[in-house]
Amino acid sequence: MDRERKKRIQTIRLIITEVIMVVTVVVAVVILTFIAMGYNVRNGELDQSGLVQIQSKPSGAVVQIDGEVMSARTGMSKMLTAGEHRVQISKKDYDTWENDIISKSGWLLRLDYPRLFYQNRTPEVLQEYPSDIEIFSTSPNREKIIYAISSVKEWKILSIRGDNAEEKTIDIADLLAQHEILSLKWSDNSDKILIKTAKDNNIEWIIVNTREPEKSVNLSQAFGMRFSEMDFANDIGERMLAVENGNLRSLMVNDKTVSQALASNVETFVLNGKDVVYLTNGHEIKLYQDGPDDILLSSYPLEQNIKISIGEYLSEKYLFVVSDRKIVAYKGDFPTKDDSLAEMEVALDTELPFSPEIIQTYTGNELFLMSSGKNIAVFDAELAKLSQYEIEDDKYFFLDGYMIATIGDGKMIVRDFDGTNRREITDATGGGTISRDDKYLYYYKTERGNTTILREKIIE
């Protein structure tokens with residue numbers, strides 16, 4: 001009897017021990033899961049932190065958060081309590097980057113664009129010309145710069161891939177003779193350039209093939225049509241969309257074929273991938289459908305100045321509508337029936353202190369930039385945040401995907417896309433870029449009619 005009683009007691013003890021072990025493991029897993037998700041207890045209450053990933057160019061920089069030096073250097077990750085935090089990034093022989101960030105509960109904030117400039121730089125002269133530069137433009141992949149020398153009407157391409165900057169002349173002077181250059185746009189693969197020109201009071205469109213310049217073509221003359229608007233419709237620049245006499249048409253560059261009218265009464269259009277949105281002369285905004293009827297998204301009074309832009313970021317589609325100074329950004333799937341724009345989420349609804357003349361996207365549609373003169377507004381799709389500021393000159397350019405530059409008093413002035421971290425980094429009179437490998441800053445200076453192409457090593 002005693003033996004059976006002892007067995008029962010041992011069995012009960014074993015069961016209790018196993019239950020305690022299981023409960024302990026479950027509790028530990030739950031606690032570790034909550035910790036991994038950023039939960040902690042503050043002032044007796046459960047609070048969830050956010051995760052920030054901090055990288056820099058160059059890496060290995062010292063990070064201070066709210067004045068406290070972190071043990072890890074860039075790139076690093078850190079759980080931060082929800083709210084505003086001051087981040088400072090520094091490295092010996094480099095300048096310092098700092099900004100206020102907002103950590104949100106349960107959110108991942110990627111701080112991957114901070115750039116530090118090496119301080120002891122020596123400009124390296126690459127080319128010198130006894131004249132001005134008329135055009136200076138960088139390819140989307142930041143591996144090529146194209147520029148035009150005014151005195152001899154030469155067009156040059158500078159390859160900036162790697163340490164050896166190689167220049168070559170492309171013979172397109174005859175193609176552009178007596179043309180006034182109005183604008184340039186690169187194809188996504190950085191091989192072709194669409195140039196809008198004016199000649200004899202007419203608009204003409206020219207495609208420059210940077211790999212095979214002999215295949216460059218005046219599209220207006222080749223098709224024998226007058227196009228008011230045109231854009232690349234695929235990455236390699238073989239298909240175009242254009243507006244001819246109010247009709248939206250598709251052009252095949254190599255075959256020299258043109259489609260029937262895809263849409264009529266078109267004033268302007270924007271496209272992103274297969275999505276095409278256009279503004280009619282009657283100020284209706286429509287979504288092009290490969291079918292009998294397009295979708296009417298919205299309509300506006302004729303007296304209003306309407307600008308549109310579209311993009312897609314993290315699988316979310318965006319439609320920006322600027323009406324004079326008012327801007328509304330819609331987010332989500334495009335409507336499938338007329339007058340159903342309300343089905344999209346409103347990501348931004350505000351009024352700017354200026355009426356934008358330009359609206360465009362950068363960095364894989366993460367940034368939507370609006371500008372007029374010296375006024376800039378940038379919408380960050382990741383943070384759903386709008387930043388507004390003024391720059392020194394009405395001409396600006398992106399040095400990389402996140403840094404805006406302008407020229408003021410003979411200095412190149414840079415700032416992050418949100419207007420912060422303003423720095424004067426070098427003497428310059430014209431445009432510039434940072435090479436794709438992030439090692440070199442390229443730019444030019446014009447003094448007494450002579451132009452010098454230079455570069456500086458910004459990462460040692």
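Derivation of every value follows stated rules applied to the coordinates shown; laboratory data play no part. Model, not experiment: these values are computed from the prediction. Methodologically, a virtual Cβ is constructed for each residue, glycine included, from the backbone with ideal geometry; neighbour enumeration extends over all protein chains shown.
In order along the range 244-259, the Karplus-derived 3J(HN,Hα) couplings, from 6.51 cos²θ - 1.76 cosθ + 1.60 at θ = phi - 60°, round to 10, 6, x, 9, 7, 10, 9, 10, 9, 5, 5, 8, 6, 10, 10, 7 Hz, and Gly and Pro are given as x. Here SER159 and ALA198 are evaluated by their C-beta separation; at R0 = 22 Å the FRET efficiency comes out at 0.15. FRET efficiency for the SER299 to GLU238 pair, using the beta carbon distance and R₀ = 35 Å, is estimated at 0.55. The phi-based Karplus calculation (6.51 cos²θ - 1.76 cosθ + 1.60; θ = phi - 60°) puts the 3J(HN,Hα) values of the range 63-68 at 10, 10, 10, 6, x, 9 Hz, whole numbers, x for Gly and Pro. In this rough spin-label picture, where each label sits 7 Å from Cα along the Cβ direction, the LEU383-ASP188 distance is 2.7 nm. Amide H contacts under 5 Å for LEU109: LEU51, VAL52, GLN53, restricted to partners 5 or more places along the chain or on a different chain, H placed in the peptide plane at 1.01 Å from N.
Taking R0 as 41 Å, what's the FRET efficiency between GLN221 and GLN53 from their Cβ-Cβ distance, rounded to 0.05? Working shown, then result.
Details: r = 52 Å, r/R0 = 1.26.
Efficiency at R0 = 41 Å is approximately 0.20.
Centre-to-centre separation between the Cα atoms of the range 258-307 and those of the range 327-406: 20 Å. Loop-located trypsin sites (Lys or Arg not before Pro) across the range 294-362 with a Cβ neighbour count of 16 or fewer within 10 Å are ARG325, LYS337, with loop assigned by DSSP.
Run the numbers for GLU166 and VAL125: contour at 0.36 nm per residue of separation, minus the present Cα-Cα distance, in nm.
Numbers: separation 41, 0.36 × 41 = 14.76 nm, distance 1.28 nm.
Extra length from GLU166 to VAL125 when fully extended: 13.5 nm.
Along the axis of the charge dipole computed for the range 124-457 (Cβ charges of +1 for Lys and Arg, -1 for Asp and Glu, origin at the Cα centre), the listed residues TYR278, TYR288, ILE413 are led at the positive end by ILE413.
Mean residue ellipticity at 222 nm, helices only, the chain: -3000 deg cm²/dmol; runs of at least 4 DSSP H residues each add -39,500 (n - 2.57), and the sum is divided by the number of residues. Here's how it looks for SER298: its modeled amide H is under 5 Å from those of ILE285, which are all 5 or more places away or on a different chain. Annotation: amide H-H contacts under 5 Å for ALA428 (H modelled 1.01 Å from N, sequence separation of 5 or more, or interchain): LYS411, MET412.
So between GLU390 and ALA82, what do we pick up on full extension, going 0.36 nm a residue minus the alpha carbon distance?
Values: separation 308, 0.36 × 308 = 110.88 nm, distance 3.01 nm.
Working it through step by step, the gained length comes to 107.9 nm.
Here the Karplus relation 6.51 cos²θ - 1.76 cosθ + 1.60, evaluated at θ = phi - 60°, turns the backbone of the range 187-193 into coupling constants of 6, 4, 8, 6, 9, 10, 10 Hz, with x for every Gly and Pro. Full extension of the chain between ASP290 and ARG422 yields a length gain of 42.9 nm, computed as 0.36 nm times the residue separation minus the alpha carbon distance. For the pair ILE102 and ILE20, label points projected 7 Å from Cα toward Cβ lie 4.9 nm apart.
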